[in-house]
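A short write-up of the structure that comes next.
The values are calculated or read from the model by the stated rules, or taken from the named source; none is laboratory data. Small disclaimer: the values here were computed from a predicted structure and weren't measured. Side chains included, ligands, DNA and RNA excluded: accessible areas come from the protein's heavy atoms. Shrake-Rupley method; radii C 1.70, N 1.55, O 1.52, S 1.80 Å.
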Amino acid sequence: MIESELGAIPEGWEITTLEKISKVITKGTTPKNFASHGVNYIKVENILDDHSIDKSKLSFVDDETHNNLLKRSIIEEKDILFSIAGTLSKFSFVTNDILPANTNQAVSIIRIDNNIVNPLFVFSCFLADFHKEHCFRNLQQSVQANLSLTTIRNLKLILPSNIILKKYEDKIIDIFNKIHI
């Protein structure tokens, strides 16, 4: 073990931030108009405590709104959605069955760089509640409690060595697929 800013960690492991292992960390946008059907529009209330997405209460936007006006907040497979306003720290892993989809400004979109680490590893870290102390220490209070994207970007993670990450990935993908099914 070696000492780090987060305490003792195994030798060969490193401390990093969510920003350093992500391609994108952004938040959604709220459209002026919703549609009766079309592209799924995910809000915080759609993210359930079991980290799934409640499809029965989704709102919708039309294709033009999704592709043009809300282009910045298009959700992709393997994104992690993380609530940053209202009910804080709810999160979900995006699977293909919810796409195409978009989200509002109360939800952060975290797109992990798969060339650095598997997004499921980061999702597993969220499942272990590693983020809660950091988030609530950096909470911003206004009319409604919220977290800034800077707080999300600065969230620290402990990354194992590549050998351990690969072994973890080999095991977790099968488990995650079974859970999803």
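Quick notes on this one:
- Fluctuation leader among LYS156, LYS27, LYS55 - the chain, Gaussian network, Cα springs under 10 angstrom: LYS55
- Reciprocal of mean inverse Cα separation for the stretch 19-124 (Kirkwood radius, Å): 13.7
- Cα pair count fraction exceeding 14 Å, expressed as % - the stretch 1-63: 72
- Highest GNM mean-square fluctuation among LYS43, LYS57, LYS171, for the chain modelled with Cα contacts below 10 Å: LYS171.
- With DNA, RNA and ligands ignored, accessible area of ASP170 (1.4 Å probe; Å², nearest 10): 80
- Accessible area (Å², 1.4 Å probe, nearest 10) - HIS180: 90
- Per residue, the convex hull around the alpha carbon atoms of the chain comes to 119 Å³.
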